[in-house]
Structure formats: C-alpha cells, structure tokens
1. Quick one: Karplus J couplings for the stretch 68-81, per residue in order, coefficients 6.51, -1.76, 1.60, θ = phi - 60°, nearest Hz, x for Gly and Pro?
2. Which whole-number value in Å² is the accessible area per residue of the chain, probe 1.4 Å?
3. Sorted from largest down, give the three principal axis spans of the alpha carbons of the stretch 6-104, whole angstrom values.
4. Treating the beta-carbon of each Lys and Arg as +1 and of each Asp and Glu as -1, no other charges, what is the dipole magnitude of the chain about its Cα centre, to the nearest 20 debye?
5. Between the helical axis of 100-124 and the dominant principal axis of the chain, each derived from Cα atoms, what acute angle in degrees is found, rounded to the nearest 10?
6. Pop out the carbon and sulfur fraction of the accessible area of the stretch 2-168 as a percent, whole number, probe 1.4 Å.
7. Averaging sequence separations of C-alpha pairs under 8 Å and six or more residues apart, then dividing by the length of the chain, give the relative contact order as a whole percent.
8. Answer with one residue from 119, 51, 154: the one whose Cα lies farthest towards the positive end of the charge dipole of the stretch 38-172, charges on Cβ with Lys, Arg +1 and Asp, Glu -1.
Amino acid sequence: MRAIIIFLFSFLLMYVDFLFAEFSPMTLGGVEVYFVPRALLMFILLVSVYASPQMSVLLSVVFGAMLDLYIGSIYGIHTFGMVAFVLFMHTAFRVFHKDFVAMAFVVLFLILFYDMYIFFIYRLLDMVNLPAFDYLALRAAPSLLLNALIFILVFIIALKTSRIRKEVLPKH
C-alpha cells in the first residue's frame, strides 16, 4: 500500500514540476529569470531516507526514464543523474541519520548539483550557450530559492507517506 501511495505522490510531484514550466522564465527588470522546481527529485531523495533506498532507486529509474522520454533530447541523463544522487543521499545519511537541518542542507545542495549536472552535460554537448555566470545568477540561484520554499511541503509529504503501513490489513 505504501509503495502505491509513494508512486502516486511521485507522479503528482512530477506533474507539479511540469506545471511550473508555464511560469518560467519570468521577466524581472528586463531579464529572463528561470525558476526550476525539483519537487520530484527532492521527494525521491527523502524517500531514500524515510522509506527505503531500494524504493528510491526504483522510483529514480522509473521517473528518470519518464523525464528522459518526455524531454527527449538526451536519453539517460535524468535516469543516471537521479540514481547517482539517490545513492549519494543514502550514503550521506548513514552519517547524519535523520537530522532535519543537515538533511535540508544536503537535499538542497544535491538539487543544486543535479541542476548543475544537467547544465554541464548540455553545455558539454553544445546544446546550451548560456555563460556560466548567467546560469548561476539567472537560473541556479533562483531555482535554489524556489526549491528551498518547496522543501517544507515535500518533506511533509515524504514523512506522511513513509508512515503509511506496509500492510493493507491490520495485524491482530
């Protein structure tokens, strides 16, 4: 039961990420600023801590492949990135087990590094011509602020879904 609920919330958060694309880029002072939410990746990272790393890896493969198919430019970039970052998150939280401040810090920096990873791959393949400073100022920093705001909501969803009982019927 818990796996189904977690999958449904993952699908919903992926949809929320896609819906936010309608509002980005925003023009502020004559400059286009990009806000890129990564609610799905945040949720998958938190699932690796609160539910199970195996479920998180499975979700990252499934939803990474869905993102790769939806975006359609480079296949495997999101799948590999999500799996790698989930494995790093699982390794990092063997040290700081479930400390909220450390977890928020690590999740937000992993989101930032994931976004930089995507940018680096696209830049390496010459699919993006944005200079690095413009990327950091007009996309990475605003996205980090947006993801910091979204983190609390995603954290609450991850906690609630991880506490759902694994069995449908109660044990008596």
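1. 4, 5, 5, 6, x, 8, 10, 7, x, 5, 6, 4, 4, x
2. Values: 9730 Å² over 172 residues.
About 57 Å² of surface per residue is accessible.
3. Projected onto the principal axes, the Cα atoms of the stretch 6-104 cover 45, 31, 23 Å.
4. Values: 11 positive and 9 negative charges, 183 e Å.
Magnitude of the dipole: close to 880 debye.
5. 40 degrees
6. Details: 6660 of 9060 Å².
For the stretch 2-168, the apolar C and S fraction of the accessible surface comes to 74 percent.
7. Numbers: 180 pairs, mean separation 54.8, N = 172.
Rounded, it is 32 percent for the chain.
8. Of 119, 51, 154, it is 51.
The values are calculated or read from the model by the stated rules, or taken from the named source; none is laboratory data. Note that the structure is predicted; figures quoted are calculated from it, not measured. Don't worry about glycine lacking a Cβ; one is built from the backbone with ideal geometry, like all the others, and counts go over all protein chains shown. Just so you know, the surface numbers come from the protein's heavy atoms only, side chains and all, with ligands and any DNA or RNA stripped out. Shrake-Rupley method; radii C 1.70, N 1.55, O 1.52, S 1.80 Å.
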